[in-house]
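Okay, so here's the structure we're looking at.
Readers should treat all values here as calculations from the given coordinates under stated rules, not as data from a laboratory. What you see is a predicted model, and the numbers here were worked out from it, not measured in a lab. Don't worry about glycine lacking a Cβ; one is built from the backbone with ideal geometry, like all the others, and counts go over all protein chains shown.
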Amino acid sequence: MADSTDNSRRRFLKGGAAAVAAIPLAALVHQKQAFAKAKAEEGHARDYVHDAEEAVDHEAYQEGARCDNCAFWAGEDDEHEGWGGCFHPDFSDVLVKAGGWCDVWAG
Ligand code: SF4
């Protein structure tokens, strides 16, 4: 009878330990998904366009300005070539194109 109880306890503890070990992994996977950003749509905010050439007639446009030479550019995203993050609050939840532009471009 004691052996049976010990075996049950061991199985219970093993199962419990596996479940506890799985929690941080699940949390990491969820966290990674939470940080995955969608690509900005044209017009997302601040007159954003994917191609800075389309903004040459905009009153705020400065020659040569594009996202990847903007002070808000956060660098290219590892999983989306040609797209990157932007530190401006209006773009905090999306990726923008390296060659894109918006009216708060800052050199
Ligand atoms: Fe591009 Fe505008 Fe962000 Fe600068 S602030 S990186 S121009 S979206």
Percent of beta bridges antiparallel (DSSP, segment 38-107, rounded to nearest 5): 75 percent
For segment 38-107, Kirkwood radius (reciprocal of mean inverse C-alpha pair distance, Å): 11.6 Å
Two-site label geometry, Glu76 and Asp103: point separation in nm, points 7 Å out along Cα→Cβ: 3.1 nm
Quick one: net charge around Gly107, please, counting Lys, Arg +1 and Asp, Glu -1 for every other residue with C-beta under 14 Å from its C-beta. -2
